[in-house]
1. Quick one: which of ASN168, ASN125, ASN118 is within 25 Å of ARG292 (Cα to Cα), assigned by TED's automatic domain parsing to the domain that holds SER70, among the polar types (S, T, N, Q) and free of Cβ contacts under 8 Å to residues at least 12 places away in the same chain?
2. Take the stretch 64-100 and flag every residue that is of a type in the set (S, T, N, Q), within 15 Å of the ligand (Cβ to nearest atom) and surrounded by 20 or more Cβ atoms within 10 Å (Cβ to Cβ).
3. Of everything in the stretch 171-191, what is part of a loop (DSSP other than H, G, I, E, B) and touching a helix residue (DSSP H, G or I) at 6+ places or on another chain (Cβ under 7 Å)? Give them in sequence order.
4. Going through the stretch 129-138 one residue at a time, which ones are part of a helix (DSSP H, G or I) and either surrounded by fewer than 18 Cβ atoms within 10 Å (Cβ to Cβ) or of a type in the set (Val, Ile, Thr) (or both)?
5. (1) of a type in the set (Phe, Trp, Tyr); (2) more than 20 Å from SER217 (Cα to Cα); (3) within 16 Å of the ligand (Cβ to nearest atom): which one isn't true of PHE157, the others all being true?
6. Determine the pairs where a residue that is under 30 Å from LYS56 (Cβ atoms), located within the stretch 87-105, has a partner that is of a type in the set (Gly, Ala, Ser) and within 11 Å of the ligand (Cβ to nearest atom) with Cβ atoms under 7 Å apart, the partner being 6 or more residues away or on another chain.
7. Conditions first: (1) of a type in the set (Lys, Arg); (2) surrounded by fewer than 17 Cβ atoms within 10 Å (Cβ to Cβ); (3) touching a residue at least 40 places away in the same chain (Cβ under 8 Å). ARG213 passes all but one, so which condition is the exception?
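The values are calculated or read from the model by the stated rules, or taken from the named source; none is laboratory data. Given the structure is predicted, the values throughout are model-derived calculations rather than measurements. Methodologically, a virtual Cβ is constructed for each residue, glycine included, from the backbone with ideal geometry; neighbour enumeration extends over all protein chains shown.
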Amino acid sequence: MCKQGENCHLPDCFCSTFHHLLDPEEIPQIVYFAFDDGVKEQAEAHYNRLFSEDRKNPNGCPISMTLYVSGDQTEYPVLSELSKRGFEIAVHSMSHEVIKTGEKVRDEAIGQRDNIINFSNVTVNQIHGWRSPYLKTAGDDQIQALQDLNFTYDVSFVYTRKTMDDLNPWPFTLDYGWTLPCDLPPCPAKEHPGFWVVPVNAMRDYGDWAACRSFDSCANKPLTMNQTYNYFMDNFRSHYQGNRAPFGIHMHANWFSKEEHINAMDKAIHDLLEYDDVYIVSINQALEWMKRPTELRFIDRFKPWRCSPLEEGIITFRVVLIFVLVVVAVGIYVKVMSTLFG
Ligand SMILES: [Zn+2]
């Protein structure tokens, strides 16, 4: 059994849990967006609107997201542009066929990673994550194949809570296997030290009647802009006011072809950025925080969430300025004291 701090130590091992080591009020609420399938020009316009460069996290850096890219229909110049913007690029198979064996995972992951590297400006060191088509996996064989190929995380395994009031699990490492209920067998039962899984925590629909495995797959579909906005925000608040586990939106960009959908999402992102403790980051950035949990009061200095060297420069300048002011103040104090008493 996994016991944090006893047989499992950060940054390499994190036990599956519903309660993080830090108190919820010290935890930045992570929100991540994970878009699947071929990356096309039509989708770029939606991404540019929702994740425009002037939309910034409380640390002053642009918000981010992750694309799980499959080989079918991907326009690689578009992918290059999105990668340049700082979005994370991950792998979602070459053929988008159902995965049944480790061998299939290996072929699809290598093939699509090569496509991305060869036809866009993304380098192999920037690719960390995998998601299976249809969330169908090869269980332990899948993780073994991904680990052999130097992937560091998988976001294919589903967790379904029963009501909006229930908590969602945190991402964890498979040092002691997949310890949650298995929604879509097979799930990994063996130990895969240091390999992260980000549970696909199913959404609750806008009436809290049923689960939606991905954001855009509810049986009870939100129809109006208000229903869609409430669907998003109710799920968000259940994390924010709950255990602060990362709030993940797993979906496909073609859902935005409906005006009320994109408008609702646009408003939701706008409203999230009003919070000073909510961060919209890529999944890889979320996992960097998992490895080195950093309290909100220190979050400005958390490097994996920082952006430009200019901002790094401003922080360094502030630290140096404070140091100089302290030295000058001490100098004046010593001088005054020695004049009075010396
Ligand atoms: Zn897909």
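1. Exactly one of ASN168, ASN125, ASN118 is within 25 Å of ARG292 (Cα to Cα), assigned by TED's automatic domain parsing to the domain that holds SER70, among the polar types (S, T, N, Q) and free of Cβ contacts under 8 Å to residues at least 12 places away in the same chain, namely ASN125.
2. Answer for the stretch 64-100, where residues must be of a type in the set (S, T, N, Q), within 15 Å of the ligand (Cβ to nearest atom) and surrounded by 20 or more Cβ atoms within 10 Å (Cβ to Cβ): THR66, SER70, THR74, SER93.
3. PRO171, LEU184, PRO186, CYS187, PRO188, ALA189, LYS190
4. Answer for the stretch 129-138, where residues must be part of a helix (DSSP H, G or I) and either surrounded by fewer than 18 Cβ atoms within 10 Å (Cβ to Cβ) or of a type in the set (Val, Ile, Thr) (or both): just TYR134.
5. Unmet condition: (2).
6. Close Cβ pairs (under 7 Å, with a partner that is of a type in the set (Gly, Ala, Ser) and within 11 Å of the ligand (Cβ to nearest atom)) amount to HIS92/SER70.
7. Condition not satisfied by ARG213: (2).
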